[in-house]
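J.: Structure incoming, see below.
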Amino acid sequence: MFKQGLITPFWEYQHRYLNYVRESFNCQEDLILWRSQGYSQEHFTGEMYDMRNPMPAWTEKFLNVFEGTNIGLSFYKMNTCNILPQHRDTYNRYIKLFNIQDTSKIHRAVIFLEDWQPGHIFEIERTPITDWKAGEYVLWQYNAEHMAANLGLEPRYTLQITYTDV
């Protein structure tokens with residue numbers, strides 16, 4: 001299950017200038033499955049700027065958007081032709097960083113940092129979401145199946161906020 005909501009944007013375009021880095025996808029089983037399904041791209045992730053990096057002062061307001069503890073922020077940039085097929089997040093880095101014992105208490109929100117552009121796609125639990133406005137979000141608990149892609153010409157920017165129940 002997931003829910004959607006809206007926060008009033010308090011940011012402009014600062015997120016575009018973070019030092020984004022591409023890392024390998026962290027679930028080998030999913031990679032094997034996707035290859036067997038015909039996905040042939042070299043990378044299955046966009047680029048990230050996450051909680052291992054110092055967060056700029058303007059990001060502090062994001063820490064109070066949802067009620068929870070162990071709040072982790074990860075800015076995500078998908079360029080043209082980035083495709084992340086259907087998957088369930090593993091939260092490996094988050095679990096290790098915050099020493100999470102009960103994974104059922106983990107929540108994740110994806111906040112769309114800019115208005116939707118043609119070719120930007122997000123799908124959760126087989127429900128496609130498009131035509132979003134900056135500040136709209138999708139929130140789920142732990143293991144919801146979802147996917148994301150950028151088949152358009154403009155980068156797709158989101159922020160993942162991960163937290164545990166209070």
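The values are calculated or read from the model by the stated rules, or taken from the named source; none is laboratory data. Just so you know, these numbers come straight off a predicted model, no measurement behind them. Using ideal geometry, Cβ is built from the backbone for each residue, glycine included, and neighbour counts are taken over all protein chains shown.
J.: Scan the stretch 77-95 and give yes if some residue there is part of a helix (DSSP H, G or I), at pLDDT below 95 and crowded, with 18+ Cβ neighbours inside 10 Å, otherwise no.
T.: yes
J.: Turning to a different aspect of this structure: Would a scan of the stretch 96-104 turn up a residue that is in a strand (DSSP E or B), touching a residue at least 60 places away in the same chain (Cβ under 8 Å) and either surrounded by fewer than 18 Cβ atoms within 10 Å (Cβ to Cβ) or not charged (D, E, K, R) (or both)?
T.: Within the stretch 96-104, none of the residues are in a strand (DSSP E or B), touching a residue at least 60 places away in the same chain (Cβ under 8 Å) and either surrounded by fewer than 18 Cβ atoms within 10 Å (Cβ to Cβ) or not charged (D, E, K, R) (or both).
J.: Considering only the stretch 20-37, I want to know if a residue exists there that is more than 14 Å from L159 (Cβ to Cβ), modelled with pLDDT under 95 and in contact with a Pro (Cβ under 7 Å, 6 or more places away or on another chain).
T.: Yes, because at least one residue in the stretch 20-37 is more than 14 Å from L159 (Cβ to Cβ), modelled with pLDDT under 95 and in contact with a Pro (Cβ under 7 Å, 6 or more places away or on another chain).
J.: If you don't mind, there's one more thing I want to ask. Scanning the stretch 1-54 for residues that are in a helix (DSSP H, G or I), in contact (Cβ under 8 Å) with a residue 24 or more places away in the chain and surrounded by 15 or more Cβ atoms within 10 Å (Cβ to Cβ), which turns out farthest from the chain's Cα centre (by Cα)?
T.: In this case the residue turns out to be W34.
J.: Here's another thing I want to ask about it. Regarding the stretch 107-114, can at least one residue be identified that is modelled with pLDDT of 95 or more and either loosely packed, with under 13 Cβ neighbours inside 10 Å or of a type in the set (D, E) (or both)?
T.: Taking every residue of the stretch 107-114 in turn, at least one turns out to be modelled with pLDDT of 95 or more and either loosely packed, with under 13 Cβ neighbours inside 10 Å or of a type in the set (D, E) (or both).
J.: Cβ-Cβ under 8 Å, sequence separation 6+ or interchain: first residue in the stretch 63-77 and within 18 Å of F98 (Cβ to Cβ), partner of a type in the set (G, A, S) and in a strand (DSSP E or B). Which pairs?
T.: Close Cβ pairs satisfying both conditions: V65/A109; F66/A109.
J.: Hey, any hits in the stretch 150-166 for a residue that's farther than 22 Å from H15 by Cα, surrounded by fewer than 21 Cβ atoms within 10 Å (Cβ to Cβ) and modelled with pLDDT under 95?
T.: yes
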